[in-house]
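Data first, discussion second: the structure below is written as structure tokens.
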Amino acid sequence: MDSNINTYKSYRPFQKKMCDVFAVLAFALAVFSASLNAQDIEENTLIPKSHTSLAEGVLLGDLSKLDPLKKPGENFDLLDWSLTLPTDLNKDKKADTVYEKSLSKGFKLKPFFYTADDGGLVFACPNVGAKTSKNTKYARTELREMLRRGNSRIKTRGLTKNNWVFSNAHGSAKVKSGGVEGSLEGTLAINRVSTTGDEKKVGRVIIGQIHATDDEPIRLYYRKLPANSKGSIYFAHEINGGNDIWINMIGSRSHALSDPEDGIALNEKFSYKISVEDEVLFVTIIREGKPNITKYYDMKDSGYSASDQYMYFKAGVYNQNNGGAEGDYVQATFYHIHNIHKGYKF
């Protein structure tokens, strides 16, 4: 009897250990299965023709048509856009805005917004400049999509013909809006990024956005650190009223990253295409002579089909550094800017 008791006592720790092992194995199997399911879902996601039809390694737009002797509004259709500048010329404590008709008629302002020697459109923004509101941390030289095309009777904000909505928005919202979902294309070269200031902010610039009523379904970033010869591309998807989800495309957003493999150098031309189709966000990066890179995020649970949500694209340079040495700045030159939407004829 004593022998049986001793055997049982010695068995109990072994039994507990085996239970722990089985628990770990069960957890690992669950994680592995979830991983397989995620992979299956990813592989089964249908990339739309608007992205699969993009030629591999061929930049978007016809750069040969750009004329260095022309004003920005003569090289680009800017009647679709307003411009936010990092200046406060009228002393109202807010960043200056130039509206569609003025842009279309040839507005330029060196050193912030002008035609480059190669015909491209230069956007430059200092680290410290006028901001759009008290809640905004950073300055920008950035276009804001204006589907009203100069018709000032249409309100800028809200569910109006100036903005667009997601495909699962209520039917009345679609009727009131200027379009449904769509794409933004840009071809550009980053000429300069900030090199001084907070290490967590240095070298960052947003080059394309979808802005909603309050939040941003996407902010597309370029970042090059001072010690690196090449930069990264990544984007943030902000849940409506929630947190950011970060997705790397080339390299990462780390402030301690060494030269990203296959990164993009300053003055190297590349293209991006941002699309929303059936509430799925697609982003493609194109570089000359290299395979295209496409990433996506399903936004159906992100809250942007709500009745109060409207969208507009943004393009240019939104400096993500608000400190550092006096005179530090970011600059990019755009060679192609094009926006399209279902139900929008321009």
A correct Karplus calculation of ³J(HN,Hα) over the stretch 290-301, with 6.51 cos²θ - 1.76 cosθ + 1.60, θ = phi - 60°, whole Hz and x for Gly and Pro, returns 10, x, 5, 10, 10, 10, 8, 8, 7, 9, 4, 9
Given a 1.4 Å probe, the accessible area of the stretch 158-315 per residue, as a whole number of Å², is 36
Taking 0.36 nm per residue of separation between Lys134 and Asp77 and subtracting their Cα-Cα distance, the length gained on full extension comes to 17.4 nm
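Mind checking Rg over Rh on the stretch 87-209, alpha carbons, Kirkwood formula for Rh?
1.00
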Counting only protein heavy atoms and leaving out ligands, DNA and RNA, the solvent-accessible surface of Tyr335 at a 1.4 Å probe, in Å² to the nearest 10, equals 20
Taking Cα atoms only, helix 2-44 is inclined relative to the longest principal axis of the chain by an angle, in degrees rounded to 10, of 20
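Per residue, what accessible area does the stretch 83-134 have, given a 1.4 Å probe and all protein chains present, in Å²?
Dividing the accessible area of the stretch 83-134 by its residue count gives 55 Å².
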Computed ³J(HN,Hα) along the stretch 313-321: with the Karplus parameters 6.51/-1.76/1.60, θ = phi - 60°, integer Hz and x for glycine or proline, the list is 7, 9, 8, x, 10, 10, 4, 9, 9
Computed D for the chain, Stokes-Einstein, Kirkwood radius over alpha-carbon pairs, 25 °C, 0.890 mPa s, to the nearest µm² per second, is 111
Phi-derived 3J(HN,Hα) across the stretch 49-58 with the Karplus relation (6.51, -1.76, 1.60, θ = phi - 60°), rounded Hz, x for Gly and Pro, is 4, 4, 10, 5, 7, 5, 4, 5, x, 10
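If the chain between Asn151 and Asp117 were fully stretched, how many nm would it gain, using 0.36 nm times the residue separation less the Cα-Cα distance?
Values: separation 34, 0.36 × 34 = 12.24 nm, distance 3.24 nm.
Length difference between fully extended and current span is 9.0 nm.
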GNM on the chain, Cα springs under 10 Å; top mean-square fluctuation among Pro217, Pro86, Pro291 goes to Pro291
With a 1.4 angstrom probe the carbon and sulfur portion of accessible area for the chain, in percent, totals 53
Taking trypsin sites (Lys or Arg not before Pro) in a DSSP loop with at most 16 other Cβ atoms within 10 angstrom as exposed, one finds the longest site-free stretch of the chain at 201-299
Checking the stretch 225-315 for GluC sites (Glu not before Pro) in a loop per DSSP with at most 15 other beta-carbon atoms within 10 Å yields Glu261, Glu268, Glu288
Helix-only [θ] at 222 nm, the chain, -39500 (n - 2.57) per DSSP H run of 4+, per residue, nearest 500, equals -5500 deg cm²/dmol
Stretched fully, the stretch from Glu199 through Asp308 gains (0.36 nm per residue minus C-alpha distance, one decimal, in nm) 35.5 nm
On the formula 1/(1 + (r/R0)^6), with r taken between the Cβ atoms of Asp301 and Thr52 and R0 of 25 Å, the FRET efficiency rounded to 0.05 is 0.50
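The values are calculated or read from the model by the stated rules, or taken from the named source; none is laboratory data. If you're wondering where the values come from, they're calculated on a predicted model, not measured in any experiment. In this analysis, Cβ positions are derived from the backbone assuming ideal geometry, glycine residues included, and neighbour counts consider all displayed protein chains. Note: areas computed on protein heavy atoms with side chains; ligands, DNA, RNA excluded. Shrake-Rupley method; radii C 1.70, N 1.55, O 1.52, S 1.80 Å.
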